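Structure first, commentary second.
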Amino acid sequence: MTDQPMENKLSPEHLLTLYKISGEINSTLDFDEALDRAIDGLMQVTKAQRGFLMIADHDAGTLDVHVARGIDGETIEKEGYSTTIVNQVVETEQSLLTNNAQFDTRFDAGASIILRGLRAILCAPMMVQDRLVGVVYVDTTMKSGAFRPSDQALLDAACGIAARAIENARLFKVAVEKGRLERELQMASDIQRNLLPSSMPQAAGYE
């Protein structure tokens, strides 16, 4: 096997970010908070202006924005990202990097790219085996902004960690919900049993 090109390798900064993201996601049951910190870490190392984390709802057939973050760390509107690129990533199940979104011949520039003047976009799927869990998307309008192949490698690795954590959280939620339902059914059974008399009532003239 040949070595990966130097520009595709993770830098020490990227490896540290990946380590922190892995620790944050896997060290808390507050999964929303873990995802917030994950997107913050990715935006910091890629120097992105905006970041979006989307979760796939296979029952509804939708991709819902779960986290939308601005460069200042504040929550932003959950719209305005390039659906053209997100849809292509979902379709191919491969990450995509462009530093010239306005004129990239791999896709037609959508309205969001043109109106917002988006320059650099990096997007990657979160997969568990062959199942799409969600998508991470970051972008910038800065002329000096450019994503590196090592940023793409970082995002791919982080998405793999996040995807497994999301799936584990989903299974945990299902287990908790199942346990809650079983407890409620047992409680209802106990209440119904307590409503019944402990012995048959005696009435004159009746056996």
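The values are calculated or read from the model by the stated rules, or taken from the named source; none is laboratory data. Just so we're clear, the structure is a prediction, and the values are computed from it rather than from any experiment. Backbone-built Cβ (ideal geometry, glycine too); neighbour counts: all protein chains shown. Surface accessibility is based on the protein's heavy atoms, side chains included, excluding ligands, DNA and RNA. Shrake-Rupley method; radii C 1.70, N 1.55, O 1.52, S 1.80 Å.
List of remarks:
- Top-ranked residue in the range 124-154 [being part of a strand (DSSP E or B) and among the hydroxyl-bearing types (Ser, Thr, Tyr); ranked as nearest to Tyr81 (Cα to Cα)]: Tyr137
- Beta carbons closer than 6 Å, at least 6 apart along the sequence or on distinct chains, pair a first residue in the range 39-65 that is touching a residue at least 40 places away in the same chain (Cβ under 8 Å) and of a type in the set (A, V, I, L, M) with a second that is open to solvent by 30 Å² or more (accessible area, probe 1.4 Å) and part of a strand (DSSP E or B) for Leu53/His66; Met54/Leu63; Ile55/Asp64; Ile55/His66; Ala56/Leu63.
- Residue ID - least open to solvent (accessible area, probe 1.4 Å), chosen from residues in the range 132-166 that are farther than 16 Å from Leu10 by Cβ and free of Cβ contacts under 8 Å to residues at least 60 places away in the same chain: Ala163
- Being buried (at least 22 other Cβ atoms within 10 Å of the Cβ), modelled with pLDDT under 75 and within 24 Å of Ala56 (Cα to Cα) is a property that Ile121 lacks.
- Per-region count, the range 158-207, residues more than 36 Å from the chain's Cα centre (by Cα) and of a type in the set (D, E, K, R): 3
- Of all residues in the range 43-70, those being farther than 9 Å from Val138 by Cα, open to solvent by less than 50 Å² (accessible area, probe 1.4 Å) and either touching a Pro at 6+ places or on another chain (Cβ under 6 Å) or not in a strand (DSSP E or B) (or both) number 1.
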